[in-house]
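Down below is the structure, laid out as structure tokens.
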Amino acid sequence: MDILNYKCPACGAPLRFDSAKQLLVCDSCGNEFEAAAMEQLNADMEEKKDEFEFEEYHGEDLGEGVVYTCPSCGGEIIGDANTIATKCPYCDNPTVMSGNVSGMLRPDLVIPFKLSKEDAKKGLINFYKDKKLMPNAFKDENRINEIQGIYVPFWLFDCDASASASFRATRVRTWSDRNYNYTRTDYFNIYREGVGSFEKVPVDGSTKMDDAMMEAIEPYDISEAIPFGSAYLTGYLADKYDVDEKASEPRAGDRVKTSMNMFLRQSVEGYSTVTTTNSGCSTKNGKATYALLPVWILNTKWKDKLYTFAMNGQTGKFIGNLPCDKGKFWRMLLIIAAAVAVPLAAILLLLFM
């Protein structure tokens with residue numbers, strides 16, 4: 001499999017995509033380039049392969065793993081069959097596996113990173129803030145530095161939907177006279193149906209990513225998605241999908257069904273209680289768009305348990321699960337108990353003096 005480096009036309013140093021500038025930048029000479037311009041330059045170079053001699057670099061398939069040769073230093077880059085973008089562990093050179101983003105595997109859209117690694121680190125620190133029972137080791141700077149920017153493969157589904165639902169509702173009225181309190185409950189059977197059109201319903205296409213976590217950092221502003229270009233991947237990690245469009249359809253259908261049921265339920269107003277007794281939803285005219293969306297990820301272990309934090313690389317929405325330091329928990333519980341016990345003892349002393 002061919003691999004691709006984006007190098008500065010001025011000095012030959014590797015380029016990286018700068019999320020703040022939305023440009024490819026050279027850290028060596030300071031030059032900056034539009035991603036589209038570098039894409040065109042690489043396309044022109046590809047056309048001239050027959051006129052000039054170019055050295056091609058390929059990956060060696062080793063079963064589940066693939067070893068690539070870095071074009072800059074010759075070092076070995078370990079990846080797998082789904083790797084799209086990574087970096088050389090020896091020279092830190094950003095590398096794109098072009099074979100995984102060509103032909104039928106080429107994404108349609110990409111949302112470039114809008115937030116930098118520093119933004120992600122600040123988001124993580126703010127997420128930690130005021131978590132008094134969190135172990136001190138989680139605040140270690142070296143751990144925070146391990147956060148990685150990853151382009152996650154998503155399928156974005158469009159479809160038309162029609163749904164119906166039946167509800168059992170009650171309306172309760174109470175009143176009183178001089179002798180009694182009265183309650184009257186009226187029961188209603190309610191039916192609703194409706195149609196809707198959905199655009200770009202996201203479903204992540206990677207088994208490496210937790211589905212619930214990827215949904216939790218939504219929404220993305222899909223209007224900011226642009227036609228895919230591999231230049232946007234430089235400096236980040238990326239994988240191609242390993243859950244295809246067909247396998248992702250049921251999850252997209254469940255999300256559409258949930259939204260339609262919620263829409264129908266919200267139309268039933270003015271009742272004391274409402275219970276759904278039956279519902280159904282069907283879709284048609286479905287199609288999917290393949291996109292790469294930006295996510296900042298930190299995976300870390302604490303006492304043999306894995307903890308994962310994720311931040312939307314476009315909006316900054318941050319989620320994660322945190323461990324509890326049992327020592328801190330019991331110390332805080334003792335402090336609270338002591339704080340309650342002292343005034344309680346004083347009250348009892350006054351009552352029985």
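In the stretch 146-184, the residue that is nearest to the chain's Cα centre (by Cα) out of those that are more than 27 Å from Val256 (Cα to Cα) and touching a residue at least 24 places away in the same chain (Cβ under 8 Å) is Gly149. Being part of a strand (DSSP E or B) and touching a residue at least 60 places away in the same chain (Cβ under 8 Å) is a property that does not hold for Ala252. Checking Thr276, Thr185, Thr258 one by one, the residue that is assigned to a helix (DSSP H, G or I), assigned by TED's automatic domain parsing to the domain that holds Phe154 and either over 30 Å from Phe309 (Cβ atoms) or not aromatic (Phe, Trp, Tyr) (or both) is Thr258 and no other. Any residue in the stretch 237-246 that is surrounded by fewer than 17 Cβ atoms within 10 Å (Cβ to Cβ), farther than 30 Å from Tyr191 by Cα and touching a residue at least 24 places away in the same chain (Cβ under 8 Å)? Within the stretch 237-246, one or more residues are surrounded by fewer than 17 Cβ atoms within 10 Å (Cβ to Cβ), farther than 30 Å from Tyr191 by Cα and touching a residue at least 24 places away in the same chain (Cβ under 8 Å). Just one of the listed residues (Thr185, Thr207) is modelled with pLDDT of 95 or more and either out of contact with any Pro (no Cβ under 7 Å at 6 or more places or on another chain) or within 30 Å of Thr273 (Cα to Cα) (or both), namely Thr185.
Identify the residue in the stretch 97-126 that is at pLDDT below 85 and surrounded by 16 or more Cβ atoms within 10 Å (Cβ to Cβ) and, among all such residues, is nearest to Phe228 (Cα to Cα). Looking at residues that are at pLDDT below 85 and surrounded by 16 or more Cβ atoms within 10 Å (Cβ to Cβ), I get Val101.
One line per residue, one yes/no per condition, for (1) farther than 30 Å from Gly286 by Cβ; (2) touching a Leu at 6+ places or on another chain (Cβ under 9 Å):
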position	(1), (2)
Ile147	yes, yes
Phe157	no, no
Ala161	no, no
Tyr180	yes, no
Arg184	yes, no
Asn189	yes, no
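The values are calculated or read from the model by the stated rules, or taken from the named source; none is laboratory data. All values derive from a computational prediction rather than experimental measurement. A quick note on method: Cβ atoms are made from the backbone with ideal geometry, for glycine too, and the neighbour counts reach across all protein chains shown.
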